[in-house]
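Working notes, structure below.
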DNA sequence: CATTTGATGTTCT
DNA sequence: GAACATCAAATGC
């Protein structure tokens, strides 16, 4: 056996604030293996939720049966069911008890697109396979069965990306929530067509110097 | 193009 | 009973 050419993210990567992890997950590769085969994509959009300090966080009002995984150690999956039909995948961050997490909102599919199409529908454009948190989970076959899964596991893991290009990253207000949405904790890869909503053009982001 | 609406079921109040 | 870290289809320009 030799070392994998594409290193897994170590647990220490997740043992930081959710905002830092959300930013640094952009450009990493999310992998998924099921009986259907291997699928993967480059993370292009994330959102941070800051535990008890964040009115939008599921952990804001304390621990419940649903959010228990958020209160555990970093580097595990928090998966929940919402709107009666969709699942959302988060990476738990920070130390035990902190209850922070990063919602994985979109990936650019890179491996197993045929499998994703089987799950999402044969006529779905590649761009829409995993553009949005619910679509991402459907494309990868993630459900609450995966709640609590190790993000360095055999069925679900996140690695560095081979030949990763430099990225321009932008922080924006969060999407799809009513409380504290204005906090600039949504992170996206500029110029990516694979984020939810409209692409953010890097030329629109340059700020201080005209 | 943008905006609105309906679907669907669990969780929490 | 209300809200929901959403999506796809329908409607309005």
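The values are calculated or read from the model by the stated rules, or taken from the named source; none is laboratory data. Values in this document were obtained by computation on a predicted structure and should not be read as measured data. No Cβ is skipped: glycine too gets one built from the backbone with ideal geometry, and neighbour counts run over all protein chains shown.
What the table below lists for this structure:
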{"item": "Residue in segment A:113-131 that is touching a residue at least 12 places away in the same chain (Cβ under 8 Å), surrounded by fewer than 23 Cβ atoms within 10 Å (Cβ to Cβ) and in a loop (DSSP other than H, G, I, E, B) present", "result": "no"}
{"item": "Looking only at segment A:28-45, and only at residues there that are assigned to a strand (DSSP E or B) and touching a helix residue (DSSP H, G or I) at 6+ places or on another chain (Cβ under 7 Å), the one that is surrounded by the fewest Cβ atoms within 10 Å (Cβ to Cβ)", "result": "A:37"}
{"item": "Meets criteria (modelled with pLDDT of 95 or more and under 21 Å from residue A:98 (Cβ atoms)) for residue A:12", "result": "yes"}
{"item": "Qualifying residue in segment A:16-27 (condition: closer than 24 Å to residue A:110 by Cα, part of a strand (DSSP E or B), away from DNA strand B (no atom under 16 Å from the Cβ) and out of contact with any strand residue (DSSP E or B) (no Cβ under 7 Å at 6 or more places or on another chain))", "result": "no"}
{"item": "Listing of strands (runs of 3 or more DSSP E) fully contained in segment A:146-210 that carry 2 or more residues being over 22 Å from residue A:31 (Cα atoms)", "result": "A:169-172"}
{"item": "Failed condition for residue A:90, given (1) touching a residue at least 60 places away in the same chain (Cβ under 8 Å); (2) on the phi < 0 side of the Ramachandran plot; (3) away from DNA strand B (no atom under 12 Å from the Cβ)", "result": "(1)"}
{"item": "All positions within segment A:11-32 that are farther than 25 Å from residue A:196 by Cβ and touching a residue at least 24 places away in the same chain (Cβ under 8 Å)", "result": "A:11, A:15"}
{"item": "Filtered residues of segment A:168-189 (kept if under 20 Å from residue A:133 (Cβ atoms), away from DNA strand C (no atom under 15 Å from the Cβ) and surrounded by 14 or more Cβ atoms within 10 Å (Cβ to Cβ))", "result": "A:169, A:170, A:171, A:189"}
{"item": "Positions within segment A:46-81 being more than 24 Å from residue A:154 (Cβ to Cβ), touching a helix residue (DSSP H, G or I) at 6+ places or on another chain (Cβ under 8 Å) and within 11 Å of DNA strand C (Cβ to nearest atom), in sequence order", "result": "A:47, A:48, A:49, A:50, A:51, A:57, A:58, A:59, A:60"}
{"item": "Among (1) closer than 24 Å to residue A:49 by Cβ; (2) out of contact with any strand residue (DSSP E or B) (no Cβ under 7 Å at 6 or more places or on another chain); (3) within 15 Å of DNA strand B (Cβ to nearest atom) - the single one residue A:144 does not satisfy", "result": "(2)"}
